[in-house]
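The values are calculated or read from the model by the stated rules, or taken from the named source; none is laboratory data. The model shown is predicted, which means the values in this text are computed figures rather than measured ones. Don't worry about glycine lacking a Cβ; one is built from the backbone with ideal geometry, like all the others, and counts go over all protein chains shown. These accessible areas exclude ligands, DNA and RNA; they are computed on the full protein's heavy atoms, side chains included. Shrake-Rupley method; radii C 1.70, N 1.55, O 1.52, S 1.80 Å.
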Amino acid sequence: MALHLKAARVNAGLKQIEAAKALEIHKNTLISYEQYRTIPDVEMARKMAKLYGMSVDDIIWTAES
């Protein structure tokens, strides 16, 4: 079972503001991803995967779950 995006961020030891800054996005955009209102595009999924220590497939699977 894939982790939720919020859980992935928390497991990486990051607060929302820290992750948003590292991803170069607004905090509200990150919140939107975590609440499944929007799905990150492939480039953002790559950035999130690197930041969270996950594979791109895990990020995409998690976002679509």
Filter segment 7-54 for residues that are hydroxyl-bearing (Ser, Thr, Tyr) and out of contact with any helix residue (DSSP H, G or I) (no Cβ under 6 Å at 6 or more places or on another chain); which is most open to solvent (accessible area, probe 1.4 Å)? Tyr36
I'd like to verify a number: residues in segment 6-29 that are touching a residue at least 40 places away in the same chain (Cβ under 8 Å) and either more than 11 Å from the chain's Cα centre (by Cα) or assigned to a helix (DSSP H, G or I) (or both), how many? 3
